[in-house]
Amino acid sequence: GAGVSQSPSNKVTEKGKDVELRCDPISGHTALYWYRQSLGQGLEFLIYFQGNSAPDKSGLPSDRFSAERTGGSVSTLTIQRTQQEDSAVYLCASSSLGSSYNSPLHFGNGTRLTVT
Amino acid sequence: AQSVTQLDSQVPVFEEAPVELRCNYSSSVSVYLFWYVQYPNQGLQLLLKYLSGSTLVKGINGFEAEFNKSQTSFHLRKPSVHISDTAEYFCAVSASWGAGGTSYGKLTFGQGTILTVHP
């Protein structure tokens with residue numbers, strides 16, 4: 001079946017511009033995650049959506065970052081007034097959670113953002 | 001909150017040699033533990049996970065890991081590596097069911113260990 005789809009795969013933008021990154025999770029997955037992967041920084045948690053609960057935004061690095069998830073499915077990560085330090089690969093993942101936690105995170109291939 | 005420390009950023013090893021990638025975690029509640037692998041130019045995929053039960057967990061591609069609660073460790077091992085095992089490996093932790101509250105399911109990752117297998 002279809003996996004997690006992210007678009008665009010690559011994005012080059014000028015400093016100060018806004019960007020939107022899109023994530024289509026696996027159908028039926030209730031949990032959706034955004035992570036940022038920078039060279040030497042590992043995977044940095046950004047935000048987590050679980051069902052109808054309020055999202056966990058504790059990882060968003062500044063108020064320039066925001067995310068929404070519409071209809072419990074597609075998610076958009078928005079970065080306003082991009083800075084060069086925002087350059088990274090932005091990864092989206094989804095999973096189907098339950099008390100047995102049988103579903104691992106399924107990752108998309110990421111969006112590589114370059115801010116010039 | 002949970003945190004993960006991967007003690008080695010890079011591990012070079014020769015083909016057919018054994019390897020151990022180290023992972024230590026910190027948490028005030030009980031946890032689930034995971035290892036993910038990222039091959040060059042690919043997304044992350046699950047290698048193995050510890051949820052409960054036997055502390056020795058076997059995963060794909062001949063990897064295994066042992067959960068040691070007293071040492072808060074979850075080291076990844078393989079007795080004989082192949083060139084194709086060259087990749088970046090990530091250890092991750094989440095609060096277990098009933099312990100994580102509204103953050104149940106949220107994974108915290110370590111900084112990754114790049115395993116390079118030489119012929």
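The values are calculated or read from the model by the stated rules, or taken from the named source; none is laboratory data. Here the structure is a predicted model, which means the values were calculated and not measured. We place every Cβ from the backbone using ideal geometry, glycine too, and count neighbours over all the protein chains shown. These accessible areas exclude ligands, DNA and RNA; they are computed on the full protein's heavy atoms, side chains included. Shrake-Rupley method; radii C 1.70, N 1.55, O 1.52, S 1.80 Å.
How are the Cα pair distances of the stretch B:3-118 distributed, in percent, across 5 Å bins from 0?
Answer for the stretch B:3-118: a P(r) of 2, 12, 23, 25, 19, 10, 5, 2, 1 percent.
What number does the stretch A:1-54 give for Rg over Rh if you use C-alpha atoms and the Kirkwood radius?
On the way: Rg = 13.5 Å, Rh = 13.4 Å.
With Rg and the Kirkwood Rh in hand, the quotient comes to 1.01.
In nm, give the distance between the simple-model label positions of residue A:5 and residue B:64, each being 7 Å from the Cα along the Cα-to-Cβ direction.
Label at residue A:5, label at residue B:64, 4.1 nm between them.
List, in the order given, every pair from B:69/B:106; A:17/B:106; B:49/B:69; A:57/B:58; A:11/A:57 whose Cα-Cα distance in the structure shown is over 26 Å.
Working: B:69/B:106 20 Å; A:17/B:106 30 Å; B:49/B:69 15 Å; A:57/B:58 33 Å; A:11/A:57 23 Å.
Beyond 26 Å between Cα atoms: A:17/B:106; A:57/B:58.
Would you work out what percent of the accessible area of the protein assembly as shown, with all protein chains in place, is carbon or sulfur (probe 1.4 Å)? Walk me through the numbers on the way to the answer.
Working: 5150 of 11090 Å².
Percent of accessible area from carbon and sulfur atoms in the protein assembly as shown: 46.
Could you do me a favour and compute the accessible area per residue for the stretch A:1-43, 1.4 Å probe, result in Å²? All intermediate terms of the calculation are to be shown ahead of the outcome.
Values: 2350 Å² over 43 residues.
Accessible area per residue, the stretch A:1-43: 55 Å².
Rg over Rh of the stretch A:5-115, using C-alpha atoms and the Kirkwood radius, what does it come to? Walk me through the numbers on the way to the answer.
Numbers: Rg = 13.5 Å, Rh = 14.1 Å.
Radius of gyration over Kirkwood radius for the stretch A:5-115 works out to 0.96.
Give the relative contact order (percent, whole number) for chain A; include only Cα pairs under 8 Å separated by 6+ residues. List each step's numbers first, then the result.
Working: 276 pairs, mean separation 43.4, N = 116.
Here the relative contact order equals 37 percent.
Can you run phi through the Karplus equation (6.51, -1.76, 1.60; θ = phi - 60°) for the stretch B:83-90 and list ³J(HN,Hα) in whole Hz, with x for Gly and Pro?
After applying 6.51 cos²θ - 1.76 cosθ + 1.60, I find 3, 5, 7, 4, 4, 9, 10, 10 Hz.
D for the protein assembly as shown, whole µm²/s, Stokes-Einstein with Kirkwood Rh over alpha-carbon pairs at 20 °C and 1.002 mPa s: what number?
Details: Rh = 18.3 Å.
The diffusion coefficient I find is 117 µm²/s.
If you rank A:20, B:66 by how much accessible surface each has, with a 1.4 Å probe, what is the order from largest down?
On the way: A:20 130, B:66 80 Å².
Greatest to least solvent exposure: A:20, B:66.
Where the only charges are on Cβ atoms (+1 Lys, Arg; -1 Asp, Glu), what is the dipole of chain B about its Cα centre, to the nearest 20 debye? Please report the intermediate quantities before stating the final value.
Numbers: 7 positive and 8 negative charges, 88 e Å.
So the dipole magnitude of chain B works out to roughly 420 debye.
5 Å is the cut-off here: which amide hydrogens, built 1.01 Å from N in the peptide plane, fall below it relative to residue A:109, excluding neighbours closer than 5 in sequence?
Close amide H contacts, sequence-distant or interchain: A:6.
Gaussian network model of chain B, Cα springs within a sub-10 Å range: biggest mean-square fluctuation belongs to which of B:34, B:14, B:109?
In the Gaussian network model the winner is B:14.
Given a 1.4 Å probe and heavy atoms of the protein chains only, how would you sort A:24, A:63, largest accessible area at the top? Don't jump to the answer; show the numbers that get you there.
Numbers: A:24 45, A:63 130 Å².
Listed by decreasing accessible area, they come as A:63, A:24.
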